[in-house]
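See below for the structure under consideration.
Quick note: the coordinates plus some simple rules give every number you see, no bench work behind them. As the structure is a computational prediction, the values presented were derived from the model and not from experiment. Cβ atoms come from the backbone with ideal geometry, glycine included; neighbour counts cover every protein chain shown.
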Amino acid sequence: MILFERFKKVKAFVFDVDGVLTNGEILVNEKGEQLRTFYIKDGYALQLAVKHQYPIAIITGGKSQGVKLRFDGLGIKNVFLNIANKISTLQSWMDENHLNADEVLFMGDDVPDLECMKFVGFAACPADSIEDIKAISHYISPLRGGKGAVRDVIEKVLRLQGNWNNDPKIKSV
């Protein structure tokens, strides 16, 4: 399938966190709390996709409540933390949202994402992903994790579907 067609077919997005929505670095403070940084432009694209009613899921092995708070603030309701078996979580979420595998874009960067990426219709990854992930990806963003890779894929999908500059809160007169 031509890449352009894959972007046009996307009806839902699923993202890993560390290495995809962050640069993969974790700062641990004296209390043992793990801190991450998120790219504001990824956040803009995520909240715009939410406004356009694209189902979005975050599936991560991490368990930081800070991660959940970040995505709650963007309007993402399906944030799955501390997930060891990502594929079963993905399949359950897809069933609940009545999605076929070929309608879902999954962006991951490392071994725990491999099975999910093989399962969906559109596997994408940041430029700094491991080689095994790049080898099975339909699209490798030229941008790094936590530095715009998420915005890159969301923007492409929304532009091709006519939803990028079309604010759903602004009604035509």
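Quick notes on this one:
- Under a Gaussian network description of the chain, with springs only between Cα atoms under 10 Å, the residue in Asp128, Asp72, Asp110 that fluctuates furthest is Asp72.
- Gaussian network model of the chain, springs between alpha carbon atoms under 10 Å - residue of Ser64, Ser137, Ser129 with greatest fluctuation: Ser64
- Using a Förster distance of 30 Å, the FRET efficiency for His98-Asn165 (Cβ separation, nearest 0.05): 0.60
- Applying D = kT/(6 pi eta Rh) to the chain, where Rh is the Kirkwood radius over alpha-carbon pairs, T corresponds to 25 °C and eta to 0.890 mPa s, the Stokes-Einstein value obtained is 153 µm²/s.
- The range 57-72 and the range 1-35 have Cα centres spaced 11 Å apart.
- Per DSSP, loop trypsin sites (Lys or Arg not before Pro) in the range 30-130 with at most 16 further Cβ within 10 Å: Lys31, Lys63, Lys77
- From least to most packed, judged by other beta carbons within 10 angstrom and beginning with the fewest, Asp132, Asp152, Asp16, Asp95 follow the order Asp95, Asp132, Asp152, Asp16.
- In a reduced charge model with +1 at each Lys and Arg Cβ and -1 at each Asp and Glu Cβ, the range 1-89 shows a dipole moment near 420 debye about its Cα centre.
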